[in-house]
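Inspection log for the structure reproduced underneath, given as structure tokens.
The values are calculated or read from the model by the stated rules, or taken from the named source; none is laboratory data. Bear in mind the structure is a predicted one, so any value in this text is a computation, not a measurement. Ideal geometry is used to build each Cβ from the backbone, glycine not excepted, and the neighbour counts take in all protein chains shown.
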Amino acid sequence: MSDVVIIGGGIVGLACAYECAKAGASVTLLEYGKTGMQATNAAAGMLAPLVEAHEPGPMFDIGAQALAEFPALVAALESQAGFDIELQLDGILKVAFTNDQLHELRERRSRLASAGHQLELLDAAQCHEAEPRISDRIIGALYSPSEGSVSNQLLALALERAAILHGATIQQRAAVTGFRTSRERVTSVRTAEADVACDTVVIAAGARSGQIAAKLPHRPPKTEDRRPPLPVHPIRGQMIALGGMSTPIRSIVWGPDGYLVPRANGIVFAGATVEDVGFRRRTTQAGLQQMRSMANALVPQLAAAKHLFDWAGLRPATPDGLPMIGPVPEWPNVVAATGHYRNGVLLGPITGRLVADGIVHRDWSNVPADFSPSRFS
Ligand code: GLY
């Protein structure tokens, strides 16, 4: 018997496991493959709420708060896990090639300034001073000095280690086959190996969350409406790792068609496509070519870089682009922690904390109402 059974071992599920176990709950996490190897592994690790946000709102607010919490979280996790998570807050340049794009960046800057966030607008000369190897065709940029990236893989590993240190049990290759229920409550989560009895279930299965939720019996029985209560769908992102060059850029460079993320080991990640192709998780020649062209357009010197490896992942998207955090309608002891779309690495840790507050301390008041899963029922 566990107080909390978490379905899904990506950043979000691992953060829920860590925070719930730290708050004193007994936790079992069930991962159908290997922890951290789905969308978490496919991410570039960007921490970019200011540059990603188009306008102030709940997504922007939670992102800014999540970013502010990262340094302390990383310090705590590094001391528990015993390794460096490669947090680099070296800034992000969101660049423009055309006057229209520059105009859009100016507007974005004034919208965010009205919410109290100052970003710098750089002219072409200042851009090149900041990043000498960017294209001469870049005419300006929005510069966000406090944003950056983290190693998504090491963050996931550290969360897992810290969760285990706090007593959580992590089961790999434990695919969920269904639920045992009694009235409106889930009493256990079923895998091929066992039934794991629980007080609360957290569905943190990324793009598969809707499929997992669809295994819950229909309530009321015989209903005609067979829609899963968690409408999450996969959006593929393809990425390339470029290498064999001496540190071509220092900060993240984000253009109209994609971004470049320099990692601590000198590799540059170039990503990502945004494709609605169902659960197809393979890379394609067209997608990789698109990313290679995008990278060369931003930093021409990258044309000579080696294509080290490539990969694709499935972002968990929701119909309104906002995550789902909180109890699932009709099922008071089932909690959703999913739908983070392009922001799983940034929002995973704060989601874990909010979920632990909700489950262990029965306080959901810090979760914005816009993120309630009940908005789709
Ligand atoms: N967060 C970046 C992406 O989804 O491509």
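Taking the criterion of being within 15 Å of residue 335 (Cβ to Cβ) and out of contact with any Lys or Arg (no Cβ under 9 Å at 6 or more places or on another chain), the residues of the range 182-198 that qualify are 185, 198.
Just one of (1) crowded, with 17+ Cβ neighbours inside 10 Å; (2) free of Cβ contacts under 8 Å to residues at least 12 places away in the same chain fails for residue 72. It is (1).
Checking the conditions here, which among 337, 295 is closer than 30 Å to residue 74 by Cβ, crowded, with 20+ Cβ neighbours inside 10 Å and out of contact with any Ser or Thr (no Cβ under 9 Å at 6 or more places or on another chain)? Full working, then the answer.
Values: 337 fails: out of contact with any Ser or Thr (no Cβ under 9 Å at 6 or more places or on another chain).
It is 295.
In the range 228-273, of all residues being more than 16 Å from the ligand (Cβ to nearest atom) and without any contact (Cβ under 8 Å) to a residue 60 or more places away in the chain, the one that is farthest from residue 292 (Cα to Cα) corresponds to 228. Among residues of the range 186-208 that are within 23 Å of residue 348 (Cβ to Cβ), those with a beta-carbon under 6 Å from a residue that is hydroxyl-bearing (Ser, Thr, Tyr) and in a strand (DSSP E or B) at least six positions away or on a different chain give the pairs 196/28; 196/188; 198/2; 204/338.
From the list 49, 56, exactly one residue is within 15 Å of the ligand (Cβ to nearest atom) and more than 11 Å from the chain's Cα centre (by Cα). Which is it?
On the way: 56 fails: within 15 Å of the ligand (Cβ to nearest atom).
Of the residues listed, the single one that is within 15 Å of the ligand (Cβ to nearest atom) and more than 11 Å from the chain's Cα centre (by Cα) is 49.
Based on what the data block shows, is residue 38 within 16 Å of the ligand (Cβ to nearest atom) and touching a helix residue (DSSP H, G or I) at 6+ places or on another chain (Cβ under 7 Å)? In short, yes.
Each row is one residue, and each column tells you yes or no for (1) outside any loop (DSSP other than H, G, I, E, B); (2) of a type in the set (Val, Ile, Thr).
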{"site": "9", "(1), (2)": "no, no"}
{"site": "12", "(1), (2)": "yes, yes"}
{"site": "51", "(1), (2)": "yes, yes"}
{"site": "59", "(1), (2)": "yes, no"}
{"site": "69", "(1), (2)": "yes, no"}
{"site": "78", "(1), (2)": "yes, no"}
{"site": "109", "(1), (2)": "yes, no"}
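The set of residues in the range 308-337 being away from the ligand (no atom under 15 Å from the Cβ) and touching a strand residue (DSSP E or B) at 6+ places or on another chain (Cβ under 6 Å) consists of 308, 309, 324, 325, 327, 328, 333, 334, 335, 336, 337.
Out of the residues in the range 216-237 that are basic (Lys, Arg) and at pLDDT below 95, which is surrounded by the fewest Cβ atoms within 10 Å (Cβ to Cβ)?
In the first step, residues of the range 216-237 are kept if they are basic (Lys, Arg); the result is 219, 222, 226-227, 236.
Add one more test, that the residue is at pLDDT below 95, and what stays is 219, 222, 226-227.
Values: 219: 13, 222: 5, 226: 7, 227: 12.
Here the residue is 222.
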